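The values are calculated or read from the model by the stated rules, or taken from the named source; none is laboratory data. None of these values were measured; they are calculated from a predicted model. FYI the Cβ positions are ideal-geometry reconstructions off the backbone, even for glycines, and counts take in every protein chain you see. Remember, those area values only see protein heavy atoms, side chains included, never the ligands or the DNA or RNA. Shrake-Rupley method; radii C 1.70, N 1.55, O 1.52, S 1.80 Å.
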Amino acid sequence: MHDLVDQILGYAKAAWRYRWYAVAVAWTVAVGGWTVVYYLPDRYEASARVYVDTQSVLRPLLSGVAVQPNIDQMVTMMSRTLISRPNIEKVIRMSDMDIKLKTTEDREELIARLAKDLKIRTTGRENLYTIAYADRNPQEAKRVVQSLLTIFVEGSLGDKRKDSDAARRFLDDQLKVYADKLVAAENAVTEFKRKYVGLLPGRGQDYYERLGEAQAAVNQAELELKEAENARDALKKQLAGETEAPPQLYDEKRQQQGPAEPSNPEIDARIAALEQKLDALRLTYTDRHPDIIAIKRIVDQLKEQKKAEAKLRKPGAPAPLAPQNITPLQQQLSVSLAAAEASVASMRARVAEYKRRLDGLKSAVNAQPQVEAEYTQLTRDYAVTKQNYERLLSRREQAQISTEMESNANVMDFRVIDPPTVPTTPNAPNRKALMSMVMLVALGAGFAVAFLLSQIRPTFNDERRLRELSGLPVFGAVPMAWTDAQRSRRRKGLIAFVLSAASLLSAYGTIIAALSLRT
């Protein structure tokens, strides 16, 4: 430590020889620097503060009903992208700065300067933003800040509306597309049902269930037909056992009455019974019912049979038994037989219809799986298309509510806390600090010059340094014998040096005082 102090003192003694050079350099640097600082142009910083309130009471109320973007994230992104080239160009137009521009280079230079000097600062979570800009013209700085503040407030609202409009237009376009798809799918399903009306699964039954039901219906109908035929055959046998040839025919009475319509008591009884049953069925069914059609066909056949028997009967042949010769039991058996014949005919028609349906289902046994697969695919596509259409419709309603909420409610409220203001005194440059820095630089430059000269032209100030550098022993030192004139000159030189340094410090103090009074 002692050696380091001695070395520093040695350097100071060496630099002391060039103290006048140091004073000259310090004065030169100080005066030049102070002049430059003095003539630096004043800059006035205009600033404004705006608060963005994102805590709206409608947000929790409309949760799940309207689409709610992340407002805090939107505000943060807008603040970070506010100072962009398009916005800077808008600021230039709004603040009338483009009037002074003559060339494209001037415009580009102005844009670069604004992008560098425009500042937007935030305090963190409070969504409080400060917009600042410094310029030589205070009014121009104020106009620039006002323009940027307007862009920040109106641009954010405009961006929200643009996003909402774009989303609504997209949803409308998609709804039109899916509406066309839905109509096409509905038409395809309807046409498919019309084409394969008997092969489609319905009411929760598949093809094989309906095939089994049809087979069971055929079996049941055949069983009922067999029972009806057995009952009819039994009536025929009973009627044949009760019928006997009458002892006389009523030819005399027929001759007295003249020619009459051919008559067959058995056929007439059957026709009467069938017509009675036909009247009963017409009270419930239409003429297109299979039972009614079968009974009408049997009645027509019986009438034709009756006419045919009358044509084939020989002249003078005995006429059938007159109604007066038929016993009540035979008449009742004939009516029952006619009813049994009608029931058999109805059952045959029913069996034929059920067999036709069963044959139709059996003939489609190969096409049925493919039809069911195609129908399943059609209905699945239709269900997916309908589901997507309903979702899009719901989303569009949500977008509409969101747009109305953004337009008519203060979802994001901008409050200007401090309007753009400009101080009466310039904010920059800070001449006090700059003058002090110039003073420090001048002192440092003077000492650096003296030290550099001492290193260029080194001297030995004591015996120890001479002995260390030369490596030779020092036997003694001869002191300098100063005359009175030399001492007087040295004293005057020291006083002059002190006065020069003091005047430099005084000049610095005077400048600082003047700047303090000015502000």
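Work out the FRET efficiency for Thr284 and Gln220 from their Cβ-Cβ distance, taking R0 = 30 Å, and round it to the nearest 0.05. Intermediate values should be presented prior to the final figure.
On the way: r = 20 Å, r/R0 = 0.68.
With R0 = 30 Å, the Cβ-Cβ based efficiency is 0.90.
Filter Lys306/Lys362; Lys237/Lys296; Lys236/Lys311 down to the pairs with a C-alpha to C-alpha distance above 32 Å, please.
Values: Lys306/Lys362 41 Å; Lys237/Lys296 25 Å; Lys236/Lys311 25 Å.
Long pairs (Cα-Cα over 32 Å): Lys306/Lys362.
For Lys142, what is the net charge nearby, where nearby means another residue's Cβ is under 11 Å from its Cβ and Lys, Arg count +1, Asp, Glu -1? Don't skip to the answer; put the middle values down first.
Numbers: positive: Arg143; negative: Glu45, Asp135, Glu140.
So the surrounding residues net to -2.
Between Val183 and Gln370, what is the FRET efficiency for a Förster distance of 22 Å, r being their Cβ-Cβ separation, to the nearest 0.05? Show your work: numbers first, answer last.
Numbers: r = 25 Å, r/R0 = 1.16.
Here the calculated transfer efficiency is 0.30.
Can you give the FRET efficiency for Ala477 and Lys432, using 1/(1 + (r/R0)^6), R0 = 30 Å, r = Cβ-Cβ distance, to the nearest 0.05? Present the calculation step by step, with values, prior to reporting the outcome.
On the way: r = 50 Å, r/R0 = 1.66.
E between Ala477 and Lys432, to the nearest 0.05, is 0.05.
Length gain on complete extension for the stretch Ile512 to Arg113, per 0.36 nm per residue less the alpha carbon to alpha carbon distance?
Details: separation 399, 0.36 × 399 = 143.64 nm, distance 3.11 nm.
Additional length available on full extension: 140.5 nm.
Using Cα positions and a limit of under 20 Å, work out the lysines in reach of Lys90, with same-chain residues fewer than 8 apart set aside.
By straight Cα distance, Lys90 reaches Lys100, Lys102, Lys116, Lys119, Lys142, Lys160, Lys162.
What list of ³J(HN,Hα) values in whole Hz, one per residue of segment 94-107 in order, does the Karplus curve 6.51 cos²θ - 1.76 cosθ + 1.60 (θ = phi - 60°) give from phi, with Gly and Pro shown as x?
With the stated coefficients, segment 94-107 comes to 5, 9, 6, 7, 6, 5, 7, 7, 10, 10, 5, 5, 4, 5 Hz.
Report the Cα-based extents of segment 411-519 along its three principal axes, largest first, to the nearest Å.
95, 39, 17
Quick one: putting +1 on the C-beta of Lys and Arg, -1 on the C-beta of Asp and Glu, what dipole do you get for segment 86-131 around its Cα centre, in Debye to the nearest 20?
Values: 10 positive and 9 negative charges, 43 e Å.
Value, rounded to 20: 200 debye.
What is the spin-label model distance, in nm, from Arg380 to Tyr38 if the labels are put 7 Å beyond Cα along the C-beta direction?
Taking the simple label geometry, Arg380 and Tyr38 are separated by 9.2 nm.
Provide the gained length on full extension for the span Thr104 to Asp484, in nm with one decimal, where the gain is 0.36 nm per separating residue minus the Cα-Cα distance.
Working: separation 380, 0.36 × 380 = 136.80 nm, distance 7.50 nm.
Once the chain is fully extended between Thr104 and Asp484, it gains 129.3 nm.
What ranking of Arg194, Arg43, Arg431 comes out by heavy-atom accessible area, probe 1.4 Å, highest first? It would help to have the intermediate numbers written out before the result.
Details: Arg194 150, Arg43 70, Arg431 25 Å².
Result of the area sort, largest leading: Arg194, Arg43, Arg431.
If a/c stays under 1.5 just call it rounded; otherwise compare a/b with b/c (prolate if a/b is bigger, oblate if not). Do that for segment 7-51, with a ≥ b ≥ c from the square roots of the Cα gyration tensor eigenvalues. Please list the in-between numbers first.
Values: a/c = 13.09, a/b = 2.54, b/c = 5.15.
Because a/c hits 1.5 or more and a/b fails to exceed b/c, segment 7-51 counts as oblate.
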